[in-house]
Amino acid sequence: MAKAQIRLAFRIVINKDSQSRWEKYVWDSTYQEFLMQSQLYNDAENPWMTFKQLLSRNEKAEQLHFLVSMAAHPYLLQWKGLTYPMPDVLGNNYMPFQNYRLDIIDSSIKDKNAHEIGITFYSPLLTLVDIVEGHYLVSTNENIYEGVETTMYKMQPRLSIVYYKPLE
């Protein structure tokens, strides 16, 4: 019956156009953290204006992804392991996440509007029961041969299977 063990990843992008209050708080906090932390990797006399410029001139600036993520961490704890932008097809259960990774898409020390981050949420291992009309039918139960509760997530942009292990 079951096809595989999988891990799903869902990515959100937060920028100046983000609408929710939560996203605006994350955007503002991560920008402030970027301004502080980027000073460690920038040239004080001739600073580079954008994250991409800084990264191309100082490979250690790659650490900014992690350092800036600390500003988002308290907001992510508020979600208590559920990815609210990723509901199931019924709209009342949300994709659980075990961990996340924040990356800076770009930013500027002179223009806050250029600040853009991505957050990728990773689910725990799920059992892929089937794919039904463009939806992943999954279960958190590993012993699926006795009947299990399932949920469905619609295939959509920024949702991907990032781990796949066929079941025998």
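In segment 1-47, which residue that is buried (at least 16 other Cβ atoms within 10 Å of the Cβ) and free of Cβ contacts under 8 Å to residues at least 40 places away in the same chain is farthest from Leu128 (Cα to Cα)?
Only one residue fits best here, namely Tyr41.
Whether any residue in segment 88-96 is surrounded by 15 or more Cβ atoms within 10 Å (Cβ to Cβ) and within 18 Å of Tyr163 (Cβ to Cβ) is what I want to check.
Looking for residues that are surrounded by 15 or more Cβ atoms within 10 Å (Cβ to Cβ) and within 18 Å of Tyr163 (Cβ to Cβ), one finds at least one in segment 88-96, hence yes.
Look through segment 131-168, keep the residues that are part of a loop (DSSP other than H, G, I, E, B) and of a type in the set (A, V, I, L, M), and return whichever of them is farthest from Met95 (Cα to Cα).
For segment 131-168, the residue satisfying everything is Leu167.
Every residue in segment 74-130 that is of a type in the set (D, E, K, R), under 17 Å from Leu159 (Cα atoms) and in a loop (DSSP other than H, G, I, E, B), please.
Asp88
Name, by its number, the condition in (1) of a type in the set (A, V, I, L, M, F, W, C); (2) surrounded by fewer than 16 Cβ atoms within 10 Å (Cβ to Cβ); (3) modelled with pLDDT of 95 or more that does not hold for Ile104.
If we test Ile104 against (1) of a type in the set (A, V, I, L, M, F, W, C); (2) surrounded by fewer than 16 Cβ atoms within 10 Å (Cβ to Cβ); (3) modelled with pLDDT of 95 or more, just (2) comes out false.
At pLDDT below 95 and either out of contact with any Pro (no Cβ under 7 Å at 6 or more places or on another chain) or on the phi < 0 side of the Ramachandran plot (or both): does that describe Asn113?
Considered against the rule, which asks whether it is at pLDDT below 95 and either out of contact with any Pro (no Cβ under 7 Å at 6 or more places or on another chain) or on the phi < 0 side of the Ramachandran plot (or both), Asn113 comes out as no.
The values are calculated or read from the model by the stated rules, or taken from the named source; none is laboratory data. Computed from a predicted model, the values in this text were never measured in an experiment. For neighbour counting, all protein chains shown are included, and Cβ atoms are generated from backbone atoms with ideal geometry for every residue, glycine included.
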